[in-house]
Amino acid sequence: MNRIEGTRLCYTDRQGRDREVTLSETAPRVIVGRSPRSDIVLSWDSMVSRLHAVIEWTGTYWAVVDDGLSRNGTFVNSERLTGRRRLRSGDVIWIGATKLTFRGEDSPGCEQTRVHRFIKALTEARIIFDAEAAHDYLSARAATAPEQTTMRLAENSLCTDERLKQEAHELADRFHGSMPGTADRDYYAFTQTSTDDLLEDISLSMIVMQEADATGALPAALPFSGLAHKFASIVRELSTALAVDPLPHSTHGFIGYVFIEGNVIDTMASFFEAVGTLLLDHGYRPILVPRGEDSLMLATKAITHASALRSTRR
């Protein structure tokens, strides 16, 4: 169930009728654009791009994403969006000439605030967790702690700054102890599931690039040799990255996180941006697309990946 009850987007259609789109964790990505394959179709608005913006559930909150997706930009409360921005109840999103109002909970609960604070505390040690990894860690930490510690965690729900900083400090010590010489570099934590998903989507993207190159449709601005080098480098780094168990006690099968250095994140982001450029800006339509995904969905996934990866580097 959606943690933010009744979360929705409200707008007025071409005929002046009020519309509401309910947002749910079960459908964590909502595409907004002029294309008829979008989840929210704004076909009447000439200022809207085919794929304009994405409304995305991050695991703890809803965000609007436009990292170069649109031609005319996306605005939140009259401020132009760059990358991603967390949405709060009452935020007004302008996509072209269409106004969408986000309705949800006015203030986040402990589950959301503790994830944000924990991420911030870890960043000081040059370890970057996204919301999914941080949520999984905090849940696993409480579940696998000794009985007396579990009671203490339940009592304060890991919501206090002091407790979260202590937990972040202990995690950083364990991580740097497992990987000596990492204290002067940024490392990004991914769950094993998210790492596997990245490998799958990177491989699918490379298939599309190979097909475009074979048919002569790959633009000169996207040289295949450079893309192939990036692909090989990313796969090598992801496949050999060290998986570290950050928990101090037995975790009953918990396999920890894959830690990836910052330069690999940049390479992944640029690779996904290249795929998005091919599919959107150059209008390439793959002939053979695995898993039945159309070009708009592939472009959406690629650019959303790039946006999420680049947002961690800001």
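The values are calculated or read from the model by the stated rules, or taken from the named source; none is laboratory data. Here the structure is a predicted model, which is why all the values come from computation and not from measurement. In this analysis, Cβ positions are derived from the backbone assuming ideal geometry, glycine residues included, and neighbour counts consider all displayed protein chains. Remember, those area values only see protein heavy atoms, side chains included, never the ligands or the DNA or RNA. Shrake-Rupley method; radii C 1.70, N 1.55, O 1.52, S 1.80 Å.
I'd like the residue in region 46-65 that is in contact with a helix residue (DSSP H, G or I) (Cβ under 8 Å, 6 or more places away or on another chain) and part of a strand (DSSP E or B) and, out of all such residues, is farthest from residue 303 (Cα to Cα).
Initial filter on region 46-65 (in contact with a helix residue (DSSP H, G or I) (Cβ under 8 Å, 6 or more places away or on another chain)): 50-51, 54, 56, 58-61, 65.
Next cut, part of a strand (DSSP E or B) only: 54, 56, 65.
Values: 54: 10, 56: 13, 65: 10 Å.
Only one residue tops the list, namely 56.
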Check your understanding: Of the residues 195, 277, 240, which is surrounded by 13 or more Cβ atoms within 10 Å (Cβ to Cβ) and within 26 Å of residue 137 (Cβ to Cβ)?
Key -> 195
**Study point:** Output for region 178-228, where each listed residue is in contact with a strand residue (DSSP E or B) (Cβ under 7 Å, 6 or more places away or on another chain) and of a type in the set (Ser, Thr, Tyr)
**Key:** 178, 187, 188, 191, 195
Review point. Could we say that residue 44 is surrounded by 15 or more Cβ atoms within 10 Å (Cβ to Cβ) and hydrophobic (A, V, I, L, M, F, W, C) here?
Key: no
Exercise for review: Could you please find all residues in region 287-299 being at pLDDT 80 or above and open to solvent by 20 Å² or more (accessible area, probe 1.4 Å)?
Suggested key: 287
Exercise for review: Scan (1) touching a strand residue (DSSP E or B) at 6+ places or on another chain (Cβ under 8 Å); (2) surrounded by 13 or more Cβ atoms within 10 Å (Cβ to Cβ) for the single condition residue 60 breaks and write down its number.
Suggested key: (1)
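Tell me the residue from 231, 271 that is within 19 Å of the chain's Cα centre (by Cα), among the aromatic types (Phe, Trp, Tyr), modelled with pLDDT of 90 or more and part of a helix (DSSP H, G or I), please. Outline the logic, then answer.
Numbers: 231 fails: within 19 Å of the chain's Cα centre (by Cα).
271 is the lone residue from the list that is within 19 Å of the chain's Cα centre (by Cα), among the aromatic types (Phe, Trp, Tyr), modelled with pLDDT of 90 or more and part of a helix (DSSP H, G or I).
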**Study point:** Count of region 66-109 residues which are open to solvent by less than 60 Å² (accessible area, probe 1.4 Å) and in a loop (DSSP other than H, G, I, E, B)
**Key:** 14
